[in-house]
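Worksheet: one structure, shown below.
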Amino acid sequence: MAVYDFAVTVRTQYLPEQSDPSRTNYFFTYSITIKNTGTVPAQLISRHWVITDANNQVQEVRGLGVVGHQPLLKPGEQFEYTSGTQLATQQGSMFGEYFCVAEDGHQFEVKIPEFVLSLPRTLH
């Protein structure tokens with residue numbers, strides 16, 4: 001029986017050189033590794049992000065692929081990329097999903113669990 005699944009891991013980083021706290025502008029990067037943990041080759045087609053800052057201001061981002069790519073991953077293969085987002089607060093969070101299509105035509109979603117964006121040493 002075919003299994004359709006990608007595993008997602010995330011690393012985040014605050015970039016002080018691209019931020020301007022005096023203008024409430026905080027820039028973060030997130031590096032994501034997507035691994036095909038299923039049994040069928042599948043392609044990441046599009047993404048949807050929900051980004052929330054500490055003031056509960058929400059941005060939604062939808063688009064094709066990730067950083068200009070729509071990777072086709074065979075079972076066991078992975079794709080890594082880095083992107084970024086800007087917040088008006090020192091902390092926030094993101095979650096979302098990837099929309100994928102397997103080689104056999106089956107469509108599926110991969111949930112991206114919520115992760116925190118935060119300046120170093122601001123969480124207690």
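A Förster distance of 22 Å, applied to the separation of the beta-carbon atoms of residue 111 and residue 60, puts the FRET efficiency at 0.90. Computing mean projected area of the Cα convex hull in nm² for the structure here picks out one of (1) 8.3; (2) 7.6; (3) 7.1, namely (1). Computed about its Cα centre, the charge dipole of the chain is approximately 220 debye, with only Lys, Arg, Asp and Glu carrying charge at their Cβ. Neighbours of residue 41 by Cβ distance under 15 Å: Lys/Arg scored +1, Asp/Glu scored -1, total -2. Normalised by the number of residues in the chain, the mean separation of alpha-carbon contacts (under 8 Å, six or more apart) gives a relative contact order of 29 percent. In order along the stretch 80-95, the Karplus-derived 3J(HN,Hα) couplings, from 6.51 cos²θ - 1.76 cosθ + 1.60 at θ = phi - 60°, round to 10, 8, 10, 9, x, 8, 10, 10, 8, 10, 6, 9, x, 8, 9, 8 Hz, and Gly and Pro are given as x.
Across the options 88, 112, 78, the greatest Cα extent toward the positive end of the charge dipole of the stretch 75-124 (unit charges at beta carbon of Lys, Arg, Asp, Glu) belongs to 88.
None of the figures in this text is laboratory data; all of them are computed from the coordinates on show. The structure presented is a predicted model; accordingly, all values stated were derived computationally and were not measured. A quick note on method: Cβ atoms are made from the backbone with ideal geometry, for glycine too, and the neighbour counts reach across all protein chains shown.
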